[in-house]
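A short worksheet on the structure shown next.
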Amino acid sequence: MHILIVDDEALARARLRTLLADCQAQQPQPRYTVAEAAHAAEALALLQSPSGRAVDAVLLDIHMPGQDGLALAHALRALAQPPAIVFVTAHADHAVSAFELDAVDYLTKPVRLQRLQQALAKVQRGRGTPPAPAPAPAPSAEGEALLIQDRGRTERLPLAEVLYLKAEQKYITARTAQRTYVLDGALQDFEARHPAYFLRVHRNALVARHAVRALEKYCDPEEGDGWAVRLHGLAEPVAVSRRQMAAVREELAR
């Protein structure tokens, strides 16, 4: 696998080289060859050079002098054979923009060996496979539905359309990309019936596994600074409790 590190900090590039060597030592296949660029212009010159070697993955910083990493990612998508992009940054607030650019992964500095290994595994699995334009519904949800009782009317809500369930004071809200529904029942019952579809992110919230796109810092009006997940097709984030952080990170790494 041919990897290009793009970062304006020499120490950051050296750190990634060391981690890549550690990855290679622990897993001999695939073999890694590594090149470096200190800014976007140098990276594009390497990638567009007629004599240059095709790059499979770019480990890309975001905040750089001149053209930043997000702008470079836009340019890379226009190449005839665009490389997979793994953002590596000290800032967690660009995760949504990164995944909108079909980034394979989003690593925050200091990068841990395990997270880099997971990102490279994603690149390896996706080589030669174009990114899907939108996530497919979870297979376990096919044909299943929630029953909505509303003013004497019963409606079937396909489970595959549900992005999250939240427990309110005396009821549960089910959110789709278009609207919100009200359900009776207990959150733990839905979690027990559909464990392959729902992921618990908070004591009062379950989210659809297939819709999880990013984990980012978030300030909750009631709980203060914390973390939240971004879901495909939904503008508002869903708060994540500290207890569920590991489960959410594991889901993102799948």
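Residue check: is residue 50 of a type outside the set (Val, Ile, Thr) and in contact with an Asp or Glu (Cβ under 7 Å, 6 or more places away or on another chain)? Spelling it out, it is not the case that residue 50 is of a type outside the set (Val, Ile, Thr) and in contact with an Asp or Glu (Cβ under 7 Å, 6 or more places away or on another chain). Summed over segment 161-175, residues that are assigned to a loop (DSSP other than H, G, I, E, B) and out of contact with any Leu (no Cβ under 6 Å at 6 or more places or on another chain) total 5. Number of residues in segment 208-246 that are among the aliphatic types (A, V, I, L, M), touching a Leu at 6+ places or on another chain (Cβ under 9 Å) and surrounded by fewer than 20 Cβ atoms within 10 Å (Cβ to Cβ) equals 2.
Taken over segment 1-20, the criterion of being assigned to a helix (DSSP H, G or I) and surrounded by 12 or more Cβ atoms within 10 Å (Cβ to Cβ) is satisfied by 12, 13, 14, 15, 16, 17, 19, 20.
Filtering segment 61-74 to residues that are assigned to a helix (DSSP H, G or I) and either surrounded by 12 or more Cβ atoms within 10 Å (Cβ to Cβ) or β-branched (Val, Ile, Thr) (or both) leaves 69, 70, 71, 72, 73. Of all residues in segment 200-254, those being β-branched (Val, Ile, Thr), under 13 Å from the mean Cα position of the chain (by Cα), modelled with pLDDT of 90 or more and farther than 11 Å from residue 164 by Cβ number 0.
Just one of the listed residues (155, 191) is of a type in the set (Asp, Glu), within 25 Å of the chain's Cα centre (by Cα) and either outside any loop (DSSP other than H, G, I, E, B) or on the phi > 0 side of the Ramachandran plot (or both), and it is 191.
Condition check for residue 159 on (1) crowded, with 20+ Cβ neighbours inside 10 Å; (2) in contact (Cβ under 8 Å) with a residue 40 or more places away in the chain: one failure, at (2).
So which residues in segment 200-222 are in contact with a strand residue (DSSP E or B) (Cβ under 7 Å, 6 or more places away or on another chain) and part of a loop (DSSP other than H, G, I, E, B)?
Answer for segment 200-222, where residues must be in contact with a strand residue (DSSP E or B) (Cβ under 7 Å, 6 or more places away or on another chain) and part of a loop (DSSP other than H, G, I, E, B): just 204.
Residue 249 meets all of the listed conditions (1) under 25 Å from residue 122 (Cβ atoms); (2) among the basic types (Lys, Arg); (3) buried (at least 19 other Cβ atoms within 10 Å of the Cβ) but one, namely (3).
So, in segment 176-185, of the ones that are touching a Leu at 6+ places or on another chain (Cβ under 7 Å) and more than 12 Å from residue 234 (Cβ to Cβ), which residue ends up modelled with the lowest pLDDT? If we take residues in segment 176-185 being touching a Leu at 6+ places or on another chain (Cβ under 7 Å) and more than 12 Å from residue 234 (Cβ to Cβ), then 183 is modelled with the lowest pLDDT.
Which count do you get for residues in segment 43-55 that are outside any loop (DSSP other than H, G, I, E, B) and in contact (Cβ under 8 Å) with a residue 12 or more places away in the chain?
Restricting attention to segment 43-55, the residues satisfying the condition of being outside any loop (DSSP other than H, G, I, E, B) are 43-48.
With in contact (Cβ under 8 Å) with a residue 12 or more places away in the chain added as a condition, the list becomes 43-44, 46-48.
Of the residues in segment 43-55, 5 are outside any loop (DSSP other than H, G, I, E, B) and in contact (Cβ under 8 Å) with a residue 12 or more places away in the chain.
Which one is modelled with the lowest pLDDT among residues in segment 21-31 that are part of a helix (DSSP H, G or I) and closer than 15 Å to residue 115 by Cβ?
Of the residues in segment 21-31, the ones part of a helix (DSSP H, G or I) are 21-26.
If we keep only those that are closer than 15 Å to residue 115 by Cβ as well, we get 22-23, 26.
Numbers: 22: 90, 23: 88, 26: 81.
The selected residue is 26.
Picking from 34, 58, which residue would you name as being free of Cβ contacts under 8 Å to residues at least 40 places away in the same chain, part of a strand (DSSP E or B) and either of a type in the set (Val, Ile, Thr) or not assigned by TED's automatic domain parsing to the domain that holds residue 76 (or both)?
On the way: 58 fails: free of Cβ contacts under 8 Å to residues at least 40 places away in the same chain.
Among 34, 58, only 34 is free of Cβ contacts under 8 Å to residues at least 40 places away in the same chain, part of a strand (DSSP E or B) and either of a type in the set (Val, Ile, Thr) or not assigned by TED's automatic domain parsing to the domain that holds residue 76 (or both).
The values are calculated or read from the model by the stated rules, or taken from the named source; none is laboratory data. No experiment lies behind these values; they were computed from the predicted model shown. In this analysis, Cβ positions are derived from the backbone assuming ideal geometry, glycine residues included, and neighbour counts consider all displayed protein chains.
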